[in-house]
Each structure stands twice: as structure tokens, then as C-alpha cells.
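**Student:** First the structure, then my questions, so here it is.
Laboratory data are not the source of any read-out in this text; all were calculated from the coordinates shown. All figures in this text were calculated on a predicted structure; none of them were measured in a lab. Backbone-built Cβ (ideal geometry, glycine too); neighbour counts: all protein chains shown.
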Amino acid sequence: MSRPAQVSFTRLEEIAGGAHVITDAAEIAVREVCGKRPAVIVSPADAHQISEVLRFAVAEKLAVIPTGGCTKLGIGSPPARYDIALDLSRMNRVLAYDPHDLTLGVEPGVRIEDLLRTLAEKKQFLPLAVPFSDRATIGGIVAANSSSPLRHAYGAVRDFCLGMEFVTGEGTQAKSGGRVVKNVTGYDLHKLLIGSLGTLAVITRVNFRTFPMPQAQGTFVASFSSAEAAFDFCRAVSHSVLTLQMVEVANPGAAALIFSGEISARIEPRTWTVVLSAAGQPAVVDRHERELSRLAGAADAEEFLPLTDAEAYSVHAQIREFPKLMMERAPAAAIFRVSAVTGVMATLLGKLRVLAVQHDLDFVSLGRASGIFHVAFLPQKEISAPPQSLPRVIAEVFRTCGQPEMHASAMLEWCPTEIKTSADIVWGPPRPDFELMRRVKHSFDPQNVLAPGRFAGGI
Amino acid sequence: MQPQLIRELEALLGPKAVLSAPEDLMLYEYDGSVELGSPRCIVFPASARDVAGIVRLANRYETPIVGRGAGTGLSGGAIARNGGIVVAFSRMNRVLEIDAANLRAVVQPGVVNLDLSRAVEHLGLYFAPDPSSQKSCTIGGNVSENSGGPHTLAYGVTANHVTGLELVLPDGEIVRIGGRSIETSGYDLCGLLVGSEGTLALVTEITVRLMRKPEAVKTLLAVYDTLDDTTESVVEITVRAITPAACEMLDGFTLRAVEDYVHAGFPKDCAAVLLIEVEGLKEAVEAQAAEITEVCRQHRAREVRAARNDQERNLLWRGRKEAFGAMGRISPMYYVQDGVIPRTRLPETLRRIEEISRKYDLQIGNIFHAGDGNLHPLILFDERDRAQFARVVAAGGEIMRHCVEVGGALTGEHGIGMEKNELMPLIFTPDDLALMERVRAAFNPAGRLNPGKVLPMGKACGEIRVPPTPASAAIPT
């Protein structure tokens, strides 16, 4: 249990100013993490104030969870303690943007939507097509390592993040990496922070490389009668000379969610669909259309459709928002983030689908053909309580992914709070490398102040 | 060293896998840098179990351990600074698995970089990181140093191409981190380990991504009469957001030395050349090459020509990759820098290097990865002239300081090692460094693994350490 009565707000008010220390019940509720609510919300203005808040937390033995747009607080295992929500939304400045050098430095509270708009003015972008895009902030996207379909061409945050500044659990301001596009100076500590869910440090600045917007873009949909055919097509594409921006594979359930209006009428229901994007000079996009059409034909595609710009815009948005769409459709769903090599994806998804059928659950999967999927188990009827079988299904998913030939890794990204009775439910059974992670945690946050219990192995 | 330890190592690995005679040890005193250090013995493990056994023995005898690949490193990473055991991975040189369907390979650390690309060439695949030493450097070394290469510009450094590692920790435990899939849940330990310069663990197996060879490649040579026009062209290419696969620059001094040796076709009377490569679909390559040619012409390139065939292309690249070696023909020794700057600061930085060259009365050749702002000024010297060598070290420090002042970094791909560890305070605060020390201690608590590397040893902030008298002409391949 939290200990609201024991938190002294006076010191926090001295640090951040009275207006930035809040106990409003509605605001507190927004920052709930797995059923736990903080006693107070502090909104620091800068790294120095964060450092002071954390030193206070260390002295008072309080637990702190950094928050931004509050869109992904449900990810991770339930925190053991939670006293202070450290709201970073005031730290929302673009600190440095050099479009000529294609580099950028931002505070964690910058919303991705605003940032992409700023970059678009210079015909540049960050390849972060991530869910909750109207509210998600850079800090949260980095801390949750949100998956973007553009990873296919541009890599993940770890590949285009140049460095970070942060405050450790002891309140020490530190940094790693830098602001230049190539750098091996010192340990890449910032890579540890990506996906760490705020358990190691509070991010105060992130430096990225930016990318030029392509001249033209084309989006295509190919549909197949089976998962095997869809993945065979993906493999043929990845072994071709084509240079795609995005290759997404949707099972029939996912296709029903991402295609709407006229497109859905053009695509046969019950098929597996592959959505691909090509970008570059118009001649490059045309070439992709020709070659993809040929490859789709060779892979016995049921359909191969180029999308109009309006259709493409809608499909891209639905793919980007997929985890959010799932949660809206069924709050009682269990949504995994699964990664595996392309070659076993059809088999792995097949096994997981059988598991869903055995337990009378719907099965929806959408993901990057390069090997990162969202896999959702949903109750067939609209019910608010999670299905009784869910814990068994969850354990079974980890067991299946743990089979050596799958080379897979899974994490339960979203599920009803009442299901999350332990860290293993979310992160899977203990692995040998968890001990190394524990030691890393101890170097950043020896007093266990930052989001204790939220990470793998109960870290 | 305790003869008993040597006997135990021989019992563990067999007598042929342990070297301890002085004449053998001499061969392992140096690497591609100007540093020196004498190990007490060299061991050649054949498996992770061997490595774990070595580590346990080293612990019992409280002896330092240093991993070593081909010894081509340029910052002293493989040098036994405090003596001890050098673990040479040359026997662990097998490609364990080629998983072409999933674009992965599993290799032992001693596999030579280019050998992996050759092993998958028939499948139309290759391993992207391409350091100039790729004919001899090992993938284990690439992992330690997070090596780059000319094509880093488009494809990223080693860290972007490693998905899994098997480690032997300093306590002898064998652990796997990451895996074959593109990501693994939990902290990104692979991201930390790649580039940790052998100070956190010994790497005994590596899973890497393989890339598909592009359909088309076009290599352009742009020839200039002034350095400013050359560097302004690079800035303009970056500003226009054209993304070549590689964009290399050689100044007149360097290319003349190379031309005499390689006969790559560089005009010897020019101020500098850019070697620019574009790759991808043929439509994209043609469009990009046209745009780059236009930029170079606008910046008064005397000539822009494309390699007409593979032979011409390979010759141009030989001119680039063997440039360091060519320096050995005109100078007994050189000191290579590895600073990084924001790409837009290239013109002023080259002017600054010219000033430094005049100030210290030293010949400095410039050859570098212009497209990502990674400089390799080569300061030439004769190691017998101690006064000159002191100027070399001072000039190197001044170049480094300039890089830091314009917002850059100390090393883009060669690593910190024992060459630049005392310069770390130019970039990092005591708090930054203390955290790095704690992370190191989390893996390597007794500091037995590769001591004296990456982090500063003393408290003398910003002081430049004068390296020992250099061994012999260090010629990185």
C-alpha cells in the first residue's frame, strides 16, 4: 500500500513551487499504475528539480514513477510501492534542432505529434509511428521502447538515439552518448534506459538523428489464404533487392480492425494481409509496385492492391494505433509483444492461435515482418472481467515462446490489473540474464526508488 | 608470473595453447595503436568453457585478463596494460551457423570480419560493418570496439548489427544475452556490451544480422582544387538530406601518398577528393548520383567521375582503405585521431587542423568518413625524435579539444582504450564517469578484466597522457 499520509509536501513545494505539487484526486487517478495510486504529483521544471525530488525520495524512502502523457502506465509489472508521480509534461522544449546536421535534442515531455510537426516544417521526421500519438511523449516512447512499423527501414530507438541526459535514482545528473551521429565514447548507458520503464533513471534529454522525408510514398496490400503464404511472401520480399519502409502482417482479426470503409470491401475477409510501404523518388515507388505485384502473384496472393493516399493514411494510422484499438475493443484482453525470427513466425502464431481457440478466446495479431508482433487474446463476448482461463493462457504463451527452436521473446504488454499478480505474469519465467539486469538496476538506483517492481524479475 | 599459474593453464588448455616465452610475448605487446604493454602469458581457448576456466584461474591468482582478436585496434584495447593473461581468440574462429532465411549468422569471436561476408556471399548476403582492417580484424574485436567503417553512414555501426551474445563474466559464469530475434525483453544488455571494449565480459559467441546486397552501386570520385570547396560539398550533401552509403574524403597530401602506392587514379595535383558511394535500387542510385554530381559541380569540383566497372570501383576503395598503410612509405610513424564533429562544422574544423599543423610544425594528413563527421587526421612523426613526439601528442590533444568544443566526441569508431581514457573528462563530468564506473563494477567488480581502459585511472582531469615510446611503425590495415 502507498502511504499518502506520510509524504510531506512542504519539501516538494519548495523544490518545484506550490503550483506544481498536486493532490487532485482526478489527476492522481490518471497516474494510477496497475491499481496503485501516488499520494502526490510533482511537475519539475528541469533536471535540477528532478534531482532534488529524487534525493528527497531517497531520504524519505518514497517510490517515484516518471510520467508523461500517461498513455503507457499500464505496461510492466505492478510496482511494489508508488508515492510520487513525477510528471514531466512541463519539460517539453525542443532544446536543439539542427536540420542541416539532421540532429535533434529534446526534453522528455515533448509530445511526439508536436515534434513531428516541427520536423515536417523542415521536411524531416523521426521514424516513430507509435500508438497514442496524440498524447504520447518522447520520454514515454523511449522508456517503453514503443514499437514502430517504420522500424523495418530505420531501426528502433536504440538505432537512431545518439545520447541522453538523465537523473539516476540517487538524484545524480548524468549523461551518455552525445549529439553526433557516430560516437563510441564511453559506455552507451542510454541504451539501457530505452525500454526500462523508468526503473533506472529519469530521462531529461534525448538526442536523435532525424531523417529526410521521402519525395513520394506508396502503400500496397497483398492478401493470402494462410499465414504460411503471407510469411513466404514476406521472406521473398526481404530476400529481394527491394528497400521497403514497412512490411506489416495482419491476421484476419487484425485486418478487420485496420481496414475500414472502401478498402475493407476490396479485401476478402478471413485472409491474412501484408501491408507494405515504399518510399523515395517516384520511379523507386513505381518499381516497388511492379515488383511487389509480381512477388505477390508468385506467392499465390488472393489480391494485390495499391492504396490511394487517403486509404494509405487511414491504414497507417490504424496500424500505428493498433495496441490502443485492441484495448478499446476489449479492456479484458491480454496483449503480448512477441519477437521472433521471421522464419518461425507462421508456426509460432499458429500455435498461439490454437491456444486461443482451446480457451474460447479470439486471437488477433499484427506486427512487423522483421519479427515484432502484438498478439492479443480477447474474450469472445463483451465482458469487463477477464476470462478465468487468462492466467493459464499467459503461462502457456511464455512456454511456447520459450521453446528453443522459436528463438522468441515475449512480454505481456497490456492486461487487466487483477491478472498481474506477479512480475513473472508480465515478464515470463526468470532468465539467467535477470541477475545482470538486477546489478545494472543497483548501479543506477541502489535505493530502489524508481518504479520498484515494475520491471523484469521484479526489478 | 607464478609458474604455477602457467602450469595450471597448460593443464587446462594443453601446452600448445599457452605461450609464455619472452620472444612469443613480444608479439602481443602492441596492437594498431601507439601503445605498449607486456602480458605474462597468452592463452588460446577453444570454447566458452575454456574461457570460463581461464577466468576462474585468473581470479584465483588475482591476475588481469585481456581479450584479443587480431590486434588491429587503434586505441590500445587489446594491450595488457597491467600485464596478466591475454586471451587470444584466434582458435575460436568458426562460423557456427548461417541462418540465411532469417538473415542471421552465429559466429565465434575470432572470425575475421571479411571472412563472414565471404562465407555468405553466395547467398547474396554480407555483414555490413566494414572497418578498413576488415581483411584481418575479428568480429569479436568489432563487438568490443563497436567498430564502424565507411558504410556506417548508411548502415550503422556494429551495435546496430548484433542481436545476441554469449558472455563469460569475470566470475567465470557463462550467460547469454539477447538472442536471434530483433529484440529481447528486459534491459538492452547487448546495447551496453557492444562497445564496452572488453571491460565488462569476454564475448564467446555473437549473433549478427546479415544484409542483402544492393541491386546497384555507384562510386563517384569528385576532385577539388580547394579544401573548403570539398568540405562545403559534404555539408551541402548532408543539408540536402541526400543519403549516400559512404562519403569519404582524402586531402591532397594523403592522396598523393596513396596514389604513389596504390595507383587508384587520384589526380596528384588536387587539394582533395571525395569518394562517394550510393547503393540501392538502380532507379534510386541514378537519381542520387545525379544529385550528388550537381552538388559537387556547384561547389567547383574540377571533375566528378563514376567508376565504370567493379575493377575501377575496387581500385578507388583500395586507395581509401590502404591509405593508412601508404603513410608508412613516407613517415616512420603516425598517430591517428578519431574525433567526431557535427557535419556542418567540417569546413572550420579542417581549417583548424591546418592551423594546428602549422603551429606545431607537423605534417597532418586528413582522411576520413566525411559523411558522418568522423575525422581521422594522421599526424606524422619519427619516434626517435622525442621532442617532435611531444608536439604530436600536444597537437592531437588540441584537435580533440576542438572536436569537443564544437559539440563532437572523442572517438567515432576506434574506441577510448588506454589512448583517450584520460581525456574522458573533456566530455564527461565526474558524476557521469562515476556511474560508468559503477556499471563496470556491476559486471567486473574486481576490475580484473581489461584494467586501465575506457575510464580515467587518475584524477588529473583533462591532462593528456604521453604514451610510451612507440613500438614500431603501427600500420593499421
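**Student:** Report for chain A the percent antiparallel among DSSP-assigned beta bridges with both residues inside it, nearest 5.
**Tutor:** Antiparallel bridges: around 90 percent, rounded to the nearest 5.
**Student:** Summing -39500 (n - 2.57) over the DSSP H runs of n ≥ 4 in chain B and dividing by its residue number, what mean residue ellipticity at 222 nm do you reach, to the nearest 500 deg cm²/dmol?
**Tutor:** Result for chain B: -10000 deg cm²/dmol, rounded to the nearest 500.
**Student:** Now a separate question. For the range A:245-255, what does the Karplus curve 6.51 cos²θ - 1.76 cosθ + 1.60, with θ = phi - 60°, yield as ³J(HN,Hα) per residue in whole Hz, taken in order and with x for Gly and Pro?
**Tutor:** Per residue, the Karplus-derived 3J(HN,Hα) values read 8, 7, 9, 10, 10, 10, 7, x, x, 6, 4 Hz.
**Student:** Hey, with R₀ at 60 Å, roughly what FRET efficiency would A:K61 and B:R91 work out to, going by the Cβ-Cβ distance, to 0.05? Mind dumping the intermediate values first?
**Tutor:** Working: r = 52 Å, r/R0 = 0.87.
That pair, A:K61 with B:R91, gives E of 0.70.
**Student:** Given a cut-off of 25 Å, name the pairs among A:K36/A:K61; A:K191/B:K453; B:K16/B:K321; A:K191/B:K213; A:K182/A:K324; B:K359/B:K453 whose C-alpha atoms lie farther apart than that in the structure shown.
**Tutor:** Numbers: A:K36/A:K61 17 Å; A:K191/B:K453 21 Å; B:K16/B:K321 35 Å; A:K191/B:K213 28 Å; A:K182/A:K324 35 Å; B:K359/B:K453 31 Å.
B:K16/B:K321; A:K191/B:K213; A:K182/A:K324; B:K359/B:K453, as the Cα separations exceed 25 Å there.
**Student:** What does the net charge come to around B:L13 if you take all other residues with beta carbon closer than 11 Å to its beta carbon, with K and R at +1 and D and E at -1?
**Tutor:** Neighbourhood net charge equals 0.
**Student:** Sort B:R7, B:R81, B:R56 so the one with the fewest other Cβ atoms within 10 Å of its own Cβ comes first. Don't skip to the end; give the middle numbers.
**Tutor:** On the way: B:R7 12, B:R81 22, B:R56 17.
Ranked by crowding around the Cβ, least crowded first: B:R7, B:R56, B:R81.
**Student:** Would you order B:M211, B:M436 from fewest to most other beta-carbon atoms within 10 Å of each residue's own beta-carbon?
**Tutor:** In order of increasing Cβ crowding within 10 Å: B:M211, B:M436.
**Student:** Continuing with this model, one more query. Specify which residue in the list B:H161, B:S20, B:T138 is farthest towards the positive end of the charge dipole of the range B:13-168, using unit charges on the beta carbon of Lys, Arg (+1) and Asp, Glu (-1), about the Cα centre.
**Tutor:** B:S20
**Student:** For B:R300 and A:L95, what is the calculated FRET efficiency with R₀ set at 60 Å and r taken between the beta-carbons, to the nearest 0.05?
**Tutor:** Working: r = 36 Å, r/R0 = 0.60.
After rounding to 0.05, the efficiency reads 0.95.
**Student:** Which angle between 0 and 90 degrees, to the nearest 10, do you get for helix A:227-238 versus the longest principal axis of chain A when only C-alpha atoms count?
**Tutor:** Helix A:227-238 and the main axis of chain A meet at about 80 degrees.
**Student:** Continuing with the same structure: Residue by residue through the range B:83-93, what is 3J(HN,Hα) from phi via Karplus (6.51 cos²θ - 1.76 cosθ + 1.60, θ = phi - 60°)? Round to whole Hz and write x for glycine and proline.
**Tutor:** Running phi through 6.51 cos²θ - 1.76 cosθ + 1.60 with θ = phi - 60° gives x, x, 9, 8, 9, 8, 8, 5, 7, 8, 10 Hz.
**Student:** What does the net charge come to around B:C247 if you take all other residues with beta carbon closer than 9 Å to its beta carbon, with K and R at +1 and D and E at -1?
**Tutor:** For residues surrounding B:C247, the net value is -3.
**Student:** Could I ask something else about it? Ignoring everything except DSSP H segments at least 4 long, calculate the 222 nm mean residue ellipticity for chain A; use -39,500 (n - 2.57) per segment, divide by total residues, nearest 500.
**Tutor:** Calculated at 222 nm, the ellipticity per residue is -10000 deg cm²/dmol.
**Student:** Mind pulling the angle between the C-alpha long axis of helix B:282-298 and the longest principal axis of chain B? Nearest 10 degrees, somewhere in 0 to 90.
**Tutor:** Once rounded, the angle reads 60 degrees.
**Student:** Continuing with this model, one more query. Taking H as built 1.01 Å from N, whose amide H comes closer than 5 Å to the amide H of A:E303, not counting residues under 5 places away?
**Tutor:** A:S223
**Student:** Between B:R118 and B:A434, what is the label-point separation in nm under the 7 Å Cα-to-beta-carbon projection?
**Tutor:** Roughly 5.1 nm, to one decimal.
**Student:** What are the GluC sites (Glu not before Pro) within the range A:365-459 that DSSP puts in a loop, where the Cβ has at most 12 other Cβ atoms within 10 Å?
**Tutor:** A:E382
**Student:** If contacts are Cα pairs under 8 angstrom and at least 6 residues apart, what is the relative contact order of the range A:170-306 in percent?
**Tutor:** 32 percent
**Student:** For B:E277, B:E232, what's the fewest-to-most ordering of other Cβ within 10 Å of each Cβ? Mind dumping the intermediate values first?
**Tutor:** Working: B:E277 25, B:E232 18.
Fewest-to-most ranking of B:E277, B:E232: B:E232, B:E277.
**Student:** Using the Cα gyration tensor of the range B:91-246, with a ≥ b ≥ c the square roots of its eigenvalues, what is the shape: rounded (a/c below 1.5), prolate (a/b larger than b/c) or oblate (neither)? Could you put the intermediate results ahead of the total?
**Tutor:** On the way: a/c = 2.14, a/b = 1.76, b/c = 1.22.
Verdict is prolate for the range B:91-246.
**Student:** Taking a ≥ b ≥ c as the square roots of the eigenvalues of the Cα gyration tensor of the range B:323-402, is the shape rounded (a/c under 1.5), prolate (a/b larger than b/c) or oblate?
**Tutor:** Judged from the Cα gyration tensor, the range B:323-402 comes out oblate (a/c at least 1.5, b/c at or above a/b).
**Student:** Now for a separate question. Suppose each label sits 7 Å from its Cα in the direction of the beta carbon; what would the A:A256-B:T226 distance come out to in nanometres?
**Tutor:** 6.9 nm
**Student:** Let me ask something additional. Can you list residues from other chains, or at least 5 along the same chain, whose modelled amide H is less than 5 Å from the amide H of A:T103?
**Tutor:** Hits under the 5 Å cutoff: A:D98, A:T210.
**Student:** Another one. Give the cross-link partners of A:K123 among the aspartates and glutamates, using a straight C-alpha distance below 17 Å as the criterion and excluding same-chain residues fewer than 8 apart.
**Tutor:** Cross-link targets: A:D98, A:D101, A:E113, A:D114, B:E236.
**Student:** Return the ratio Rg/(2.2 N^0.38 Å) for the range A:246-367, where Rg is computed over Cα atoms only.
**Tutor:** The reported ratio for this selection is 1.13.
**Student:** Also, quick follow-up: Subtract the Cα-Cα distance of A:V357 and A:E405 from 0.36 nm times their separation in residues, and report this length gain in nm to one decimal.
**Tutor:** That pair, A:V357 and A:E405, stretches by 15.0 nm at full extension.
**Student:** With the cut-off at 1.5 for a/c, could you classify the range B:94-136 from its C-alpha gyration tensor as rounded, prolate or oblate?
**Tutor:** Verdict is oblate for the range B:94-136.
**Student:** Compute the helix-to-body angle for B:310-321: its Cα long axis versus the longest principal axis of chain B, expressed 0 to 90° and rounded to tens.
**Tutor:** Roughly 60 degrees, rounded to the nearest 10.
**Student:** Please turn the phi angles of the range B:164-173 into ³J(HN,Hα) values with the Karplus equation 6.51 cos²θ - 1.76 cosθ + 1.60 (θ = phi - 60°), one per residue in order, whole Hz, x for glycine and proline.
**Tutor:** With coefficients 6.51, -1.76 and 1.60, one gets x, 9, 9, 10, 10, 7, x, 9, x, 6 Hz.
**Student:** Which net charge results when you count Lys and Arg as +1 and Asp and Glu as -1 among the other residues whose beta-carbon is under 14 Å from that of A:T168? It would help to have the intermediate numbers written out before the result.
**Tutor:** Working: positive: A:R55, A:K175, A:K441, B:R438; negative: A:E52, A:E165, A:E170, A:D445, B:D431, B:D432, B:E437.
Overall, the nearby charge balance is -3.
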